[in-house]
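Written below as structure tokens is the structure these notes are about.
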Amino acid sequence: MRRNARLLTGTALAVAAASGLAAPASGADSGPLEVYPSSVVPGSQVTVNTKACGDKATAAGDASAVGAGPFTLAPSTHEGDAIGQFRVPESAQPGTYEIVAQCAEGGRQAKGDLVVTLTAPHEQVQPRGSVRTGVGGALGPDPVQTAAGVAALAIAAAGGTWLLHRRARGDGI
């Protein structure tokens, strides 16, 4: 049984190595192309970067799928990164587009996806102003409502104290 398992394992490894599954072929995808932002509206500026080309390497970018055409990726201040930019044309239609960068040396490629939408991605909105939560707080805009709230709390506290005191004396409630 073990001999058959070894024979099958050896055969499977030999077939994989012979067909090129064990190692990537030259010119195959060498890594991802990071697209930022990954979702944009037409007219937006897009930045792409990749580590696929190695240190101090350049690449030719192609955004013609979205209508932007060729652009250049150059070495950046981040070690091993090549970075480039392009603008999505105003005429771009909604959809997912593949952006490709071809390394100048070695012929490696990096690919990434760009999503074009007609609405801007949700941006973080910072709240402004006071929150209306009822009567108001000590710093609320209406001092009359604040005074009424304080008076109501004082009456409730006095009434509760009177009831507890009466119960403790045994007067009954």
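The values are calculated or read from the model by the stated rules, or taken from the named source; none is laboratory data. All figures in this text were calculated on a predicted structure; none of them were measured in a lab. FYI the Cβ positions are ideal-geometry reconstructions off the backbone, even for glycines, and counts take in every protein chain you see. Note: accessible area is taken over every heavy atom of the protein model, side chains too, but ligands, DNA and RNA are not part of it. Shrake-Rupley method; radii C 1.70, N 1.55, O 1.52, S 1.80 Å.
Close amide H pairs (under 5 Å, H built 1.01 Å from N) link Ala104 with Thr58, Ala59, Ala60, residues at least 5 positions away or on another chain.
Under a model in which nothing but the beta-carbon of Lys, Arg (+1) and Asp, Glu (-1) is charged, the range 24-94 shows a dipole of about 100 debye around its Cα centre. The 3J(HN,Hα) values that the Karplus relation (6.51, -1.76, 1.60; θ = phi - 60°) gives for the range 77-83 are, in residue order, 6, 6, 4, x, 9, 10, 10 Hz. Gly and Pro appear as x.
Relative to the current alpha-carbon distance between Thr96 and Ala157, full extension at 0.36 nm per residue lengthens the span by 15.6 nm. Largest accessible area first, the residues Thr117, Thr96, Thr77 order themselves as Thr77, Thr96, Thr117 under a 1.4 Å probe with ligands, DNA and RNA left out. What the Cβ-Cβ distance of Thr58 and Val115 gives, at R0 = 25 Å and to the nearest 0.05, is a FRET efficiency of 0.40.
Residue by residue, the range 153-165 carries 3J(HN,Hα) couplings of 5, 5, 5, 5, 5, 5, x, x, 5, 4, 5, 5, 5 Hz when phi is fed to the Karplus relation 6.51 cos²θ - 1.76 cosθ + 1.60 (θ = phi - 60°); x denotes Gly or Pro.
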